[in-house]
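Peer 1: Below is the structure I would like to discuss, written out as structure tokens.
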Amino acid sequence: MQTIFASALAWSRPATWGHLFSEEQLNRVCSYLESGISEGAKAVTGGSRSGDKGYFVKPTVLVNTNEKMKVVREEIFGPVVTAIPFRNVEDIAVRANDSIYGLAAGVWTRDIKKAHKLASMLRAGTVWINCYNVFDAALPFGGYKQSGWGREMGHEVLEQYTEVKAVCTPIS
């Protein structure tokens, strides 16, 4: 059995860690952590607020999780990752796609062939391989399912400012 790390929003590296946007978001992320732990998840690192000033949450990895837990099924938008056992790439895709969300996904592996196979099967607007939160103005960004309509950035964003018209007339 291997392990998958899945999250609605993970962290990339310490230099990019920052505070959450508001006290409301801080409370929301902390409530997800409490929910996961009360449902049987275990924090192997993090799992709580960091300090008593500002809106900081310790980067958290939760284990003993499953697809029925709120902390796995919903978008947390905080530094929280859940670890779930898997059998193969197809198993990962089925589990990851069993969600109403599909904004982004992160795949970490040494096997780039498997990473690209998985990326093609994931129903997510962006798939990062061995990195996370990498953006470029030339790349479109937007989600699938309930995680977004349309695309920001890239050539695709121009479609939002274009009105297409078809005109037909008979030739006689």
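The values are calculated or read from the model by the stated rules, or taken from the named source; none is laboratory data. Values in this document were obtained by computation on a predicted structure and should not be read as measured data. Cβ atoms come from the backbone with ideal geometry, glycine included; neighbour counts cover every protein chain shown. Side chains included, ligands, DNA and RNA excluded: accessible areas come from the protein's heavy atoms. Shrake-Rupley method; radii C 1.70, N 1.55, O 1.52, S 1.80 Å.
Peer 1: Which cross-chain or sequence-distant (5 or more) residues have an amide H under 5 Å from the amide H of TYR144, H modelled 1.01 Å from N in plane?
Peer 2: Here the answer is GLY102, LEU103, GLY125, since their amide H atoms fall under 5 Å of that of TYR144.
Peer 1: Helix-derived [θ] at 222 nm for the chain: sum -39500 (n - 2.57) over DSSP H runs of at least 4, divide by residue count, nearest 500?
Peer 2: -6500 deg cm²/dmol
Peer 1: What whole-number value in Å² describes the accessible area per residue of region 23-172 for a 1.4 Å probe?
Peer 2: 65
Peer 1: Now a separate question. 5 Å is the cut-off here: which amide hydrogens, built 1.01 Å from N in the peptide plane, fall below it relative to GLY106, excluding neighbours closer than 5 in sequence?
Peer 2: For GLY106, the qualifying residues are SER7, TRP128.
Peer 1: Rounded to whole Hz and in sequence order, give me ³J(HN,Hα) for region 152-159 from the Karplus expression 6.51 cos²θ - 1.76 cosθ + 1.60, θ = phi - 60°, writing x for Gly and Pro.
Peer 2: The phi angles translate into 9, 6, x, 4, 4, 5, 5, 4 Hz.
Peer 1: If I compute solvent accessible area with a 1.4 Å probe over the protein chains, what percent of it on the chain is carbon and sulfur? Present the calculation step by step, with values, prior to reporting the outcome.
Peer 2: Values: 6200 of 11360 Å².
It is 55 percent, rounded to a whole number.
Peer 1: Okay, next question. Which angle between 0 and 90 degrees, to the nearest 10, do you get for helix 23-38 versus the longest principal axis of the chain when only C-alpha atoms count?
Peer 2: Relative to the chain, helix 23-38 is tipped by roughly 60 degrees.
Peer 1: Ok, one more. Provide the per-residue ³J(HN,Hα) series for region 86-101, in order, calculated from phi with Karplus coefficients 6.51, -1.76, 1.60 and θ = phi - 60°, each as a whole number of Hz, with x at glycine and proline positions.
Peer 2: In residue order, the calculated couplings are 8, 9, 7, 4, 5, 4, 4, 4, 4, 5, 5, 7, 7, 8, 7, 10 Hz.
Peer 1: From the protein chains alone at 1.4 Å, what is the descending order of accessible area for TYR32, TYR55, largest first?
Peer 2: On the way: TYR32 10, TYR55 80 Å².
Correct descending sequence by accessible area is TYR55, TYR32.
Peer 1: Accessible surface of SER172 in the full protein assembly, 1.4 angstrom probe, to the nearest 10 Å²?
Peer 2: Counting only protein heavy atoms, the figure is 150 Å².
Peer 1: Helix 112-121 sits at what angle to the longest principal axis of the chain, using alpha carbons and giving 0 to 90 degrees rounded to 10?
Peer 2: 70
Peer 1: Check the chain and count each lysine pair with an alpha-carbon distance under 28 angstrom, considering only pairs eight or more places apart or from different chains.
Peer 2: So the count of such lysine pairs works out to 16.
Peer 1: Only one of the values (1) 16.3; (2) 17.8; (3) 17.1 was calculated from this structure for Kirkwood radius over Cα pairs in Å; name its label.
Peer 2: The value computed from this structure is option (2).
Peer 1: How much accessible surface does ASP52 have with a 1.4 Å probe, in Å² rounded to 10?
Peer 2: So the heavy atoms of ASP52 present about 130 Å² to solvent.
Peer 1: Something else: Go ahead and set up a Gaussian network model of the chain, Cα springs under 10 Å, then flag whichever of GLU75, GLU159, GLU67 fluctuates most.
Peer 2: GLU159
Peer 1: Another question about this same structure. Report, in debye and to the nearest 20, how large the dipole of region 20-165 comes out about its Cα centre when Lys and Arg carry +1 and Asp and Glu carry -1 on their Cβ.
Peer 2: 480
Peer 1: What FRET efficiency comes out for PHE77 versus GLU159 if R0 is 35 angstrom and r is the Cβ-Cβ distance? Round to the nearest 0.05.
Peer 2: 0.85
Peer 1: Another question about this same structure. Taking amide H positions as placed in the peptide plane 1.01 Å from N, state which residues far from VAL81 in sequence (5 or more) or on other chains have amide H under 5 Å from it.
Peer 2: THR60, VAL61, LEU62
Peer 1: Here's another thing I want to ask about it. Please find the FRET efficiency linking ASP111 to THR45, where r is the Cβ-Cβ separation and R0 is fixed at 30 Å, and quote it to the nearest 0.05.
Peer 2: 0.75
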